[in-house]
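**Student:** Pasting in a structure now, in structure tokens, and then I'll have a few things to ask.
The values are calculated or read from the model by the stated rules, or taken from the named source; none is laboratory data. Please read these numbers as outputs of a predicted model, since none were measured by experiment. Neighbour counts are summed over all protein chains in view; Cβ atoms, including those assigned to glycine, are modelled from backbone coordinates with ideal geometry.
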Amino acid sequence: MAPALGNDEYTVGWITALALEAAAAEAVLDIEHEEPQWQHENDFNSYTLGSIGKHNVVIVSLPERYGPISAAMAVSQMLSTFKSIRIGLMVGIGGGIPNLEGGHDIRLGDVVVSRPDNTFGGVKQYDFGKRTAGGLFQPQGFLNSPPRILLNAVNKLKRMHLRRPSDVPNILREIEKSNPLMVEPKQGPSYLHQGPENDHLFQPTYKHKEGAKTCEECDKEQEIERPPRNDQDPFIHYGTIASGNQVIKDAETRDRLGKDCLCFEMEAAGLMNDFPCLVIRGICDYADSHKNKRWQNYAAVTAAAYAKELLQVTPVQGLKELPMAAGVMRKLQTIDENITKLTERVEAQHNQELLDWLSPLELSKRHYEIRSSRLPKSGMWILQHDSFLKWSSDSPASRALCCYGDPGAGKTFIASLVIDTLNESKDAEPNIGLAYVYCDYRDQIQQTTKNIIGAIIKQLLMQLPTTPEEITAIWQKHQKDKIPLELVEVNEALRITCKSFNRTYICLDALDECQSFQELLTFLQQAPSSIHLFSTGRNLVEPFFRKKFEHAYTIRIKAKDSDIQMLIQKYINEDREKDPDIMDKRLEQDVMTKISALSKGIFLLPVLQIRTVLDERSIRDREEALNTLPPNLEEAFGITIERIQRQPQAWAQQATKILIWINLAERPLSIDELLEACAIREDDHNLDTRGFPSRGTFLDCCLGLAVIEKETSTVRLVHFTLQEYFKTKDQILAQKIQEGHDAIARACLTYLMFRSVTTNTSPQALLDSNRSEAETRTPSYFLLDYAACQWGHHVRKSSCLQRSTIDATLKYLHMDLQGRMRSHSLLCRNLNIAHQDVRSFSIVHISAYFGIHQILLELLETDQVDIDSKDN
């Protein structure tokens, strides 16, 4: 052993996480040096010093509780002692992510080297990101690239290996000669190759036999067949490495989190942004349930051997000219702060996953949308009402208050006002919880009792500094067992959450728009006594509410004349700004008096009436319209529809198409989805962006019956009562409801058979298209997800299927699966069908799932399907 050099002579920091990795690193040193001459008083690391070629190396092993935080701490301390270190090598073991179809035939003992691509800097932090509107986790942990001098050395090695074999096998043989205990250890596996017969890769869905230490008892039929290699020398793979804070032991999780990566590891995420380093990993397992420690020693030494070969081609002089890593890593002088931030980020990610799991309902945007359209100072009377004051007092006789009224009376605006008032009162009275839900007739599928209560719990948890341990335990159990949340557990979670507050306010708007509102009230009747319930709904809700809450407070909601006059004045002012010549003082007064008198305590009727008047283009025509105003909502809807149909034919047809799509859609449609729907013609072979109506004015033809929710960028009918009106009439403008479903079904099927949709590009490539493409008239395929997942529901709901719709359905189903794969995969994802089962979800299964009996019968009559086919 040679004497230690001065600390300033060491320029390479070699980081390992485990003792077996440190042993492998020490084994590849050309010369090992004695202990450091000096160590900083705050440096508690243990070091091995030595040299490889002309490079002097510091090997540091992390504390036992390894991960990104301890890696950052260890490196910070190392740089306080060895200030001349220029670069770092993170060398050790990792869990492989084999992808034979993607060309990554990774085997145990192979080496993975981090290399930047167009997306990541060589390492991706997979457990830090956000959830998308569709529920998918999108990693956002972009980490810096390795230093250029190391990337150049990596590229040089790659070029050399194209001409001659890697020197790694020779380095391994030298280790065997000089380290006999690594060849024949007293216990545990050796540092030699463990034999291809002990390298097993199983199907992702096949779990390891519980309790078994090896894979001898595992089903060999489930093993993935891979071509034999000519020798046992390790392959070198270059690409992205996934780094995070958890050990991956599940193949399906591996494939989901490690998409486009080659292996998993646990230290790099703590260093890559601040420490100039390269990550090198030997593959010791496949990050699945079959993982064991047999290959760890060999994987550690293959990674170390590659690191040695890399240093042999890294120029010494070029290294000395680099800035010192301690300077680059100046931010780590405040390591405690950085560790806190990293911990908070990991906890925030876990909390977000828990919150998303509780309920898919997103409610804040809906509240902001309603609040922004509420007239200032309107509805203030509710806050002075005797029943409201008693209910919101410290000791009310009842903890429940029901506000009920006719359709269009302004109940939702009242709810938003109450929510804002209660939210403001929280500032004066600490430890008060507040949660709210706006029920929506458009979202019946997700609007279950479980999801509504889950959304309430979600909001309450967001008001707490930390999530109660009992809630986290429930979540972790379900994550582990992969079972859905039951209503009884939701009840327990609500009880646990409410314990953190002295009082909890729950506000439910439009209960009548929730099909399960009676079940919901029964659930809340049994909720903790600290909950104060506020609800709104139509008149039919009130008797059910009284039945569940015997002494409940009730308030009948009617629009006040003063509030209606404020609303009318708002419309008049907006109109006068656009055209001051067709509204004089006398007409303004007549409009105010007449419409107020006809309002009957509801807001919706004056809205339709004032639109009818203001759409006329002269004072005389406006006076005539004022004298023939519809006296009730039904007639107001009827007159508005007549006005739509009197428009130029193109406008009337566009209004019909828009109202049909909005009214009959299975879920709320975004603006972009609706624009694409408007552009579809049945003889189209591709999405023609020239058919898009103007984004800014395309709803004008609906004369106020369709509106945009700005916060959510979705389009809806002006009110739930309009949907009921269409349902009662059984038609939308001149088209029957059944015909509307038929038309939507044909449009969806036409869309799914567009040439650009049936090509081999991945579905996500379409869905992730930049929104700005829409502005440049490049197809972005926003409607693809809706068409793929909902077409069959419209076929089923059309009781008068046209032959053209049947033919389009059969044509789509009989397409080659490769052509349908894009839309087929989206449907399977929506149904939570595992990736490996997608191909076995046949057209018979699809027809049965949608309940389209007529199509199923026609399929069976063709003898082109197997009625006995099974999925997985």
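**Student:** For segment 471-515, give me each residue that is touching a Gly at 6+ places or on another chain (Cβ under 7 Å), β-branched (Val, Ile, Thr) and outside any helix (DSSP H, G or I).
**Tutor:** THR504
**Student:** A further question follows. What pairs come out if I take residues in segment 620-635 that are loosely packed, with under 15 Cβ neighbours inside 10 Å and pair them with residues that are among the acidic types (Asp, Glu) and at pLDDT below 90 whose C-beta lies under 9 Å away, six or more apart or interchain?
**Tutor:** GLU624/GLU616
**Student:** Criterion first (surrounded by fewer than 21 Cβ atoms within 10 Å (Cβ to Cβ), under 19 Å from LEU487 (Cα atoms) and outside the structural domain of LEU604 (by TED's automatic domain parsing)) does ALA527 satisfy it? Show your work before the answer.
**Tutor:** Details: surrounded by fewer than 21 Cβ atoms within 10 Å (Cβ to Cβ): yes; under 19 Å from LEU487 (Cα atoms): yes; outside the structural domain of LEU604 (by TED's automatic domain parsing): yes.
Criteria met by ALA527.
**Student:** Among LEU150, LEU143, which is surrounded by 14 or more Cβ atoms within 10 Å (Cβ to Cβ), assigned by TED's automatic domain parsing to the domain that holds ALA72, of a type in the set (A, V, I, L, M) and at pLDDT below 90? Please lay out each step first, then the result.
**Tutor:** Values: LEU150 fails: at pLDDT below 90.
Residue meeting the stated conditions: LEU143.
**Student:** What single numbered condition from (1) closer than 20 Å to CYS277 by Cβ; (2) modelled with pLDDT under 95; (3) of a type in the set (S, T, N, Q) fails to hold for GLN37?
**Tutor:** (1)
**Student:** To continue, here is another question. Taking segment 381-406, which residues are in a loop (DSSP other than H, G, I, E, B), touching a residue at least 24 places away in the same chain (Cβ under 8 Å) and under 26 Å from GLN463 (Cβ atoms)? Working first, answer last.
**Tutor:** Pass one, segment 381-406, residues in a loop (DSSP other than H, G, I, E, B): 385, 392-399, 406.
Adding the requirement that they be touching a residue at least 24 places away in the same chain (Cβ under 8 Å) leaves 385, 392, 396-399, 406.
Those that are in a loop (DSSP other than H, G, I, E, B), touching a residue at least 24 places away in the same chain (Cβ under 8 Å) and under 26 Å from GLN463 (Cβ atoms): SER392, PRO396, SER398, ARG399.
**Student:** A further question on this structure: Examine segment 205-219 for a residue that is out of contact with any Ser or Thr (no Cβ under 8 Å at 6 or more places or on another chain), more than 19 Å from ASN292 (Cβ to Cβ), in contact (Cβ under 8 Å) with a residue 60 or more places away in the chain and of a type in the set (Ser, Thr, Tyr), and state whether such a residue exists. Please lay out each step first, then the result.
**Tutor:** Step one: filter segment 205-219 for residues out of contact with any Ser or Thr (no Cβ under 8 Å at 6 or more places or on another chain), giving 205-206, 209-219.
Imposing the further condition that a residue be more than 19 Å from ASN292 (Cβ to Cβ) reduces the set to 205.
This time we only want the ones that are in contact (Cβ under 8 Å) with a residue 60 or more places away in the chain, so: 205.
Next, from what is left, pick out any that are of a type in the set (Ser, Thr, Tyr): 205.
Yes, segment 205-219 contains a residue that is out of contact with any Ser or Thr (no Cβ under 8 Å at 6 or more places or on another chain), more than 19 Å from ASN292 (Cβ to Cβ), in contact (Cβ under 8 Å) with a residue 60 or more places away in the chain and of a type in the set (Ser, Thr, Tyr).
**Student:** Within segment 241-256, identify whether any single residue is over 23 Å from ALA153 (Cα atoms), in a loop (DSSP other than H, G, I, E, B) and free of Cβ contacts under 8 Å to residues at least 12 places away in the same chain, and answer yes or no.
**Tutor:** Scanning segment 241-256, I find no residue that is over 23 Å from ALA153 (Cα atoms), in a loop (DSSP other than H, G, I, E, B) and free of Cβ contacts under 8 Å to residues at least 12 places away in the same chain, so the answer is no.
**Student:** Among the helices (runs of 4 or more DSSP H) contained in segment 530-627, which hold 2 or more residues that are assigned by TED's automatic domain parsing to the domain that holds LEU511 and closer than 30 Å to ASN502 by Cβ?
**Tutor:** On the way: elements: 541-548, 561-578, 585-598, 604-614, 619-627.
In segment 530-627, the matching helices (runs of 4 or more DSSP H) lie at 541-548.
**Student:** Can I ask one more? Could we say that ILE496 is among the β-branched types (Val, Ile, Thr), surrounded by 14 or more Cβ atoms within 10 Å (Cβ to Cβ) and out of contact with any Pro (no Cβ under 7 Å at 6 or more places or on another chain) here?
**Tutor:** It is false that ILE496 is among the β-branched types (Val, Ile, Thr), surrounded by 14 or more Cβ atoms within 10 Å (Cβ to Cβ) and out of contact with any Pro (no Cβ under 7 Å at 6 or more places or on another chain).
**Student:** Within segment 663-698, how many residues are of a type in the set (Gly, Ala, Ser) and within 16 Å of GLN653 (Cβ to Cβ)? Before you say what the answer is, go through the steps one by one.
**Tutor:** Taking segment 663-698 as the starting set, the residues that turn out to be of a type in the set (Gly, Ala, Ser) are 665, 670, 677, 679, 691, 694, 696.
Adding the requirement that they be within 16 Å of GLN653 (Cβ to Cβ) leaves 677, 679, 691, 694.
Residues that pass the stated criteria total 4.
**Student:** May I ask you to list the residues in segment 266-281 that are within 24 Å of the chain's Cα centre (by Cα) and either over 18 Å from VAL91 (Cα atoms) or not in a helix (DSSP H, G or I) (or both)?
**Tutor:** First, pick out the residues of segment 266-281 that are within 24 Å of the chain's Cα centre (by Cα): 266, 269.
Matches in segment 266-281: MET266 only.
Yes/no per residue for (1) of a type in the set (Val, Ile, Thr); (2) in the same structural domain as ARG281 (by TED's automatic domain parsing); (3) at pLDDT below 95:
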residue: ALA27; (1), (2), (3): no, yes, no
residue: ASP30; (1), (2), (3): no, yes, no
residue: VAL57; (1), (2), (3): yes, yes, no
residue: LEU108; (1), (2), (3): no, yes, no
residue: SER114; (1), (2), (3): no, yes, yes
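**Student:** Let me ask something else. What single numbered condition from (1) out of contact with any Lys or Arg (no Cβ under 6 Å at 6 or more places or on another chain); (2) surrounded by 14 or more Cβ atoms within 10 Å (Cβ to Cβ); (3) over 30 Å from SER373 (Cβ atoms) fails to hold for VAL490?
**Tutor:** Single failed check for VAL490: (1).
**Student:** Here is a further query. In this structure, is ILE85 modelled with pLDDT under 95, surrounded by 24 or more Cβ atoms within 10 Å (Cβ to Cβ) and touching a strand residue (DSSP E or B) at 6+ places or on another chain (Cβ under 9 Å)? Don't jump to the end; show me each part of the working.
**Tutor:** Details: modelled with pLDDT under 95: yes; surrounded by 24 or more Cβ atoms within 10 Å (Cβ to Cβ): yes; touching a strand residue (DSSP E or B) at 6+ places or on another chain (Cβ under 9 Å): yes.
So ILE85 passes the test.
**Student:** Among the residues of segment 400-436, which ones are modelled with pLDDT under 85 and closer than 23 Å to SER359 by Cβ? It would help to see each step written out before you state the result.
**Tutor:** Filtering segment 400-436 for residues modelled with pLDDT under 85 gives 424-431.
Answer for segment 400-436, where residues must be modelled with pLDDT under 85 and closer than 23 Å to SER359 by Cβ: just LYS426.
**Student:** Return the residues of segment 822-852 that are of a type in the set (A, V, I, L, M, F, W, C), without any contact (Cβ under 8 Å) to a residue 60 or more places away in the chain and part of a helix (DSSP H, G or I); say none if nothing qualifies. Steps first, please.
**Tutor:** Looking only at segment 822-852, we keep the residues that are of a type in the set (A, V, I, L, M, F, W, C), and these are 826-828, 831, 833-834, 838, 841, 843-844, 846, 848, 850, 852.
Next, only the ones that are without any contact (Cβ under 8 Å) to a residue 60 or more places away in the chain stay: 827-828, 831, 833, 838, 841, 843-844, 846, 848, 850.
LEU827, CYS828, VAL838, ILE843, VAL844, ILE846, ALA848, PHE850, listed by residue number.
**Student:** Considering PRO668, PRO693, which residue is without any contact (Cβ under 8 Å) to a residue 60 or more places away in the chain and in the same structural domain as TYR812 (by TED's automatic domain parsing)? Please lay out each step first, then the result.
**Tutor:** On the way: PRO668 fails: without any contact (Cβ under 8 Å) to a residue 60 or more places away in the chain.
One residue alone meets the criteria, PRO693.
**Student:** Right, here's the next one. Can you pull out the residues in segment 709-738 that are free of Cβ contacts under 8 Å to residues at least 24 places away in the same chain and touching a strand residue (DSSP E or B) at 6+ places or on another chain (Cβ under 8 Å)?
**Tutor:** ASP730
**Student:** Against the condition of a type in the set (A, V, I, L, M), under 20 Å from ALA677 (Cβ atoms) and modelled with pLDDT of 90 or more, how does ILE744 come out, does it pass?
**Tutor:** Values: of a type in the set (A, V, I, L, M): yes; under 20 Å from ALA677 (Cβ atoms): yes; modelled with pLDDT of 90 or more: yes.
Yes; evaluated as a whole, the condition is true for this residue.
**Student:** Step by step: first the residues of segment 747-789, then only those that are within 23 Å of ARG695 (Cβ to Cβ), part of a helix (DSSP H, G or I) and at pLDDT 55 or above, then the one that is nearest to the chain's Cα centre (by Cα). Which residue is that?
**Tutor:** Taking segment 747-789 as the starting set, the residues that turn out to be within 23 Å of ARG695 (Cβ to Cβ) are 747-748, 750-751, 754, 756-757, 766-787.
Those left that are additionally part of a helix (DSSP H, G or I): 747-748, 750-751, 766-767, 772-775, 784-787.
Subsequent filtering for residues that are at pLDDT 55 or above retains 747-748, 750-751, 784-787.
On the way: ALA747: 28, CYS748: 25, THR750: 28, TYR751: 25, LEU784: 18, ASP785: 15, TYR786: 17, ALA787: 20 Å.
The residue in question is ASP785.
**Student:** Can you tell me which condition TRP475 does not meet? The list is (1) surrounded by 16 or more Cβ atoms within 10 Å (Cβ to Cβ); (2) at pLDDT 90 or above; (3) not acidic (Asp, Glu), and all the others hold.
**Tutor:** (2)
**Student:** Here's a follow-up. For segment 725-735, does any single residue satisfy the condition of being surrounded by 17 or more Cβ atoms within 10 Å (Cβ to Cβ), under 28 Å from GLU616 (Cα atoms) and of a type outside the set (A, V, I, L, M)?
**Tutor:** From segment 725-735, those surrounded by 17 or more Cβ atoms within 10 Å (Cβ to Cβ) are 725-726, 732-733; that's our starting set.
Okay, now just the ones that are also under 28 Å from GLU616 (Cα atoms), so 725-726, 732-733.
From what is left, the residues that are of a type outside the set (A, V, I, L, M) are 725-726.
Yes - at least one qualifying residue is present in segment 725-735.
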